[in-house]
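To start, the structure under review is shown below, and the notes come after it.
Where a number appears in this text, it was derived from the coordinates with a stated rule and is not lab data. The shown structure was predicted, so the numbers you read here are calculated from the model rather than taken from an experiment. Cβ placement follows ideal geometry from the backbone for every residue including glycine, while neighbour counts extend to all protein chains displayed.
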Amino acid sequence: MPVEKLSSEDQFDRYAKFVAQVYESDPNFRPDDHLALMISNRSPFASHSLAQPFWFRDADRITAAATALVDERFNRHWNQRAGHVLHFEALPEADEDARLVLTGACDWLREKGCTFARAGFLYGWQIGFTVDSYDVPPTTFHTYSKPYYHRYLKNAGFATERGLVELGWAPGLRQVVKTLFAVR
């Protein structure tokens, strides 16, 4: 079954529920109550953007999902033709499905005139992926992600663009978190 472009409210809601399914046993997960609104282009915050969510299904079971986004205000400001792949989620052992979803999102961005894509980071939409320190709760500077996401992103052609180190301010506490800002 090919990667599907989502277009209905029911599909947007299923996408948001899929995210909760991926993290259902994870105590670090906190749901995003606005995800369906954002990926459907209905949020006032997204008025200058065009989002297209995708998923891959095995029969009726979603195995991987991602949203491609073109933010025209961002591109004008930075004088770029950047695309963004956001809200990527996938089940374990869905390597090929994840690669297909990420590739489908990048192909759509290319059709919209983007010359490169960042994954997992666009201020106001999503903060970067975790690259290591998967066993610590997320902070305000990174999105909690599964350890296997690193492999999925690399297999789809993304590379680490920048890393982030966060230091705790309590005496004797030093927490290091690297964040994946990927470019394809």
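When Lys and Arg each count +1 and Asp and Glu each count -1, what net charge do the other residues less than 9 Å away from F54, Cβ to Cβ, add up to?
Once positives and negatives cancel, what remains is 0.
Skipping prolines and chain starts, which residues have an amide H placed within reach, meaning under 5 Å, of the one on D32, given they are 5 or more residues away or on another chain?
none
Using a 10 Å cut-off around each Cβ, can you sort S7, S49, S43 from fewest to most neighbouring Cβ atoms?
S7, S43, S49
Quick one: which residues, 5 or more positions from F116 or on another chain, have an amide H under 5 Å from its amide H? H modelled 1.01 Å from N in the peptide plane, none for Pro or chain starts.
Placed amide hydrogens put G83 under 5 Å from F116.
Residue by residue through the range 145-150, what is 3J(HN,Hα) from phi via Karplus (6.51 cos²θ - 1.76 cosθ + 1.60, θ = phi - 60°)? Round to whole Hz and write x for glycine and proline.
With the stated coefficients, the range 145-150 comes to 9, 6, x, 6, 4, 4 Hz.
Enumerate by residue number the GluC sites (Glu not before Pro) in the range 1-110 meeting two conditions: DSSP loop (anything except H, G, I, E, B), and at most 13 other Cβ atoms within 10 Å of the site's Cβ.
For GluC sites (Glu not before Pro) across the range 1-110 that sit outside H, G, I, E and B with at most 13 neighbouring Cβ atoms in 10 Å, the list reads E24, E93.
Placing +1 at every Lys and Arg Cβ and -1 at every Asp and Glu Cβ, with all other atoms neutral, what dipole size does the range 1-115 have around its Cα centre, in debye to the nearest 20?
Dipole size: approximately 600 debye.
Using alpha carbons only, how many angstrom separate the centre of the range 64-127 from the centre of the range 1-50?
Spelled out, the Cα-based centre of one part sits 14 Å from the other.
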